[in-house]
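For reference, the structure discussed in these notes is given below.
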Amino acid sequence: MTRNLYALLVGIDEYPEPVNSLAGCVNDIKAIKEYLHKQLANSYKLGIKTLFNREATRENIIQGFRKYLSQANSNDVVLFYYSGHGAQEQAPKEFWHLEPDRLDETLVCYNSRSEGGWDLADKELAKLIAEVSENNPHILVVLDCCHSGSGTKDPVIATGERRAPVDKRERPLDSFIFSLSELKQLVNSDNLEDDSEHPTGWNLPKGRHILLGACRDTEKAKEYIINGEKRGAFSYSLLNTLQNTNGKLTYRDLFERSNSLFRNQFKGQSSQSPQFEVTHLGDELQYFLDGAIAKRIPYFLVKHHKKLGWVIDGGAIHGVQPPSGNETTVLAVFPFDSSSEDLRQSSKSIGEAEVTQVLPHQSVVKINCQDLDNKDFFKAIITSLPLPPVGVYIDGEKTGADLVRQAMQSFGGNNKSSAYVREQKQNNSQLKLLCHNHKYQIFRSSDNRSIVPEINDYTDDNAYQVIEYLEHIARWISVNSLKNYKASQIQTGDVEMKLLFADDNVDQSSQIRLEYKKQDGKWQAPAFRLKLTNKSEKTLYCALLNLTDRFAVSAPFFTTGSVRLEPKQEAFALDGEFLELEVPDELYQRNINECFDIIKLIVSTAEFDARLITQEKLDEPQPNTRNLPSPCQSTLERLMNRVQCRDIQPTSQGKINDWYTEQIEIVTIRF
């Protein structure tokens, strides 16, 4: 069945007075339209509607959503691309409880500032997207516009900035496309002053969509003459990435590469910081204009930095280990368009890279490949770590044990051993692998509880699956032990992490025990809201991770990889919604009534993406009534006894950005 791609592309250069005209918006839209026809016509039934200049009235844009994009169903793809002025307008008094600055973010339509005309407000755009999302298509929103900020000098010839003046007219309620009763459904009013997890300034609906924005709401989107043509800097970088890569790109890859291209091309010329927001955890791994989720293989992007040389987009914050003695982190380097399957094949690698310096959010590497173009990008996976990997004691039948040993010795690629696990004697191991009755079982060394289901039969494939599980656990340990004891710019308490319960009697500490409570005759899981407060005088970037006792690492709390907090600013996780920690029915039915979670806070003076280190939970084992632990046994004690704490330090050469972590450990008890 052929999929439909519905695209509404809006480009406005010629604004009537008093709005200043622009120069590159129509070119942006023509370029993306040409790309869609050339690259996607064979994969989709294309439906492209363009609105240029005089056509791009407020009424036509609204109708473009309601009569055109709303045709899309669950098998289709929707693209809304806007290139033009962004602005703000005076919010009606009825909105003041939602807008602390009493201003709405807006798109400036062609006739917005004419008599009787109005901008398209953020809440109106939210309603239009919500209407389109009712049939559950894949939705991408691209906004190459801005709201506010300061100007910069121009090395490539600058032609303008995409920001119109604030509309100070009093706007009547009946000029909006929604009623006052609908407003609460369009915006989150639980935390009225928190817009920090939406750095673009566009607090769009929770309907599933991807948002790519040209800049933060405190910055200006610029346009330049590039190769003799007037273009928006963000749109140029985005399209250049699409045109110069083969195969499918995930949104993570697309954003990282276009963002790097932008920073290299316009460094020192523009204060823009392109932004990438998702509403659902894991959507950053969806393919561009597709919606399919790419198979997750942990990898880093390799790019060339003008001052540092070759770097990867992972640093100490992401668990990259610095050189230790004569050892360092070694990575296999692959072409940028390598698929997930390619990254598993050593023959596809074009060389190796060694980490020479670890910074908080990136690392400098030395690449042994010849004739690499500094403009190219690559992917890299870790093949060797400088610190001792997690020890595994292998016991039992020789046939099964030997297959696992062989798999462990070749699992790292290029005939190298696994970077995360090593066989060790029983007294020094953290994990135990038992080969018995032609089955594989993995245990913690401290107890007899199986971590994953038994794997039947001794085969090469099953031996490799054993190593995959062991590496998964080892990565969890690395994230859990992430600490930086040398931070100087960030001090303990600079960012307060506070859990807000309906019951104020719960103590705030680093270790909390929460119990189910009976309410209206039913047992209810404990719930709380989580608030971050920057109590320092510095701008800080924060991320929250949830580590579970099923070895999952997730970052569902904010729509971006890290949230920016200005001095004294607050941010609520999950937009202020209540977070429930449950003991799942499947465990409770097996007489396991405790679950353990770690809420880990990472704070940095530089922007970073914590989503790079997330991973799913391990498969749960089948019930084993012979080895069940006592219901009163503390999961916290078992986990903390087996965690290996390591001091991960960035290299101290030159000026670096500091980072810091702290965490709260929570045991949830279900009676």
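Laboratory data are not the source of any read-out in this text; all were calculated from the coordinates shown. Remember, predicted model here, so these are calculated numbers, not experimental data. Glycine gets a Cβ as well: all are built from the backbone with ideal geometry, and neighbour counts include every protein chain shown.
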Problem set entry | Cα Rg over Rh - the range 369-469, Kirkwood | 1.10
For this session: Within the range 1-82, report the GluC sites (Glu not before Pro) that DSSP leaves as loop and that have at most 16 other Cβ atoms within 10 Å.
Result: Glu14
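What's the long-distance tail for the range 17-68, i.e. % of Cα pairs beyond 19 Å? Could the numbers behind the result be given before it?
Working: 567 of 1326 pairs.
Pairs farther apart than 19 Å: 43 percent.
Structure shown: which of Lys303/Lys600; Lys306/Lys379; Lys67/Lys127; Lys306/Lys416 lie over 22 Å apart, alpha-carbon to alpha-carbon? Walk me through the intermediate numbers first.
Values: Lys303/Lys600 29 Å; Lys306/Lys379 19 Å; Lys67/Lys127 14 Å; Lys306/Lys416 32 Å.
Violating the 22 Å limit, Cα to Cα: Lys303/Lys600; Lys306/Lys416.
What FRET efficiency comes out for Glu577 versus Asp101 if R0 is 25 angstrom and r is the Cβ-Cβ distance? Round to the nearest 0.05.
In this case the efficiency is close to 0.60.
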Exercise. Treating the beta-carbon of each Lys and Arg as +1 and of each Asp and Glu as -1, no other charges, what is the dipole magnitude of the range 297-367 about its Cα centre, to the nearest 20 debye?
Worked result: 260 debye
Exercise. Over the range 1-98, what per residue volume does the convex hull of the Cα atoms give, in whole Å³?
Worked result: 124 Å³
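Going by the alpha-carbon gyration tensor, a ≥ b ≥ c the square roots of its eigenvalues, is the range 452-557 rounded (a/c under 1.5) or, if a/c is not under 1.5, prolate (a/b greater than b/c) versus oblate? Before the final figure, lay out the partial values.
Numbers: a/c = 3.43, a/b = 1.34, b/c = 2.55.
Because a/c hits 1.5 or more and a/b fails to exceed b/c, the range 452-557 counts as oblate.
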Problem set entry | Relative contact order of the range 1-132, pairs being alpha-carbon contacts under 8 Å that are 6 or more residues apart, as % | 32 percent
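Run through the DSSP bridge list for the range 1-154 and note the antiparallel percent, rounded to the nearest 5.
On the way: 7 of 30 bridges.
Counting only bridges with both partners in the range 1-154, antiparallel ones make up about 25 percent.
Is there a pair in Lys49/Lys168; Lys30/Lys123; Lys123/Lys168 whose C-alpha atoms are over 20 Å apart, and which pairs would that be? Walk me through the numbers before you get to the answer.
Numbers: Lys49/Lys168 32 Å; Lys30/Lys123 28 Å; Lys123/Lys168 18 Å.
The answer is Lys49/Lys168; Lys30/Lys123.
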Problem set entry | Gyration tensor verdict on the range 396-450 (Cα atoms; rounded if a/c is under 1.5, prolate if a/b is larger than b/c, oblate otherwise) | oblate
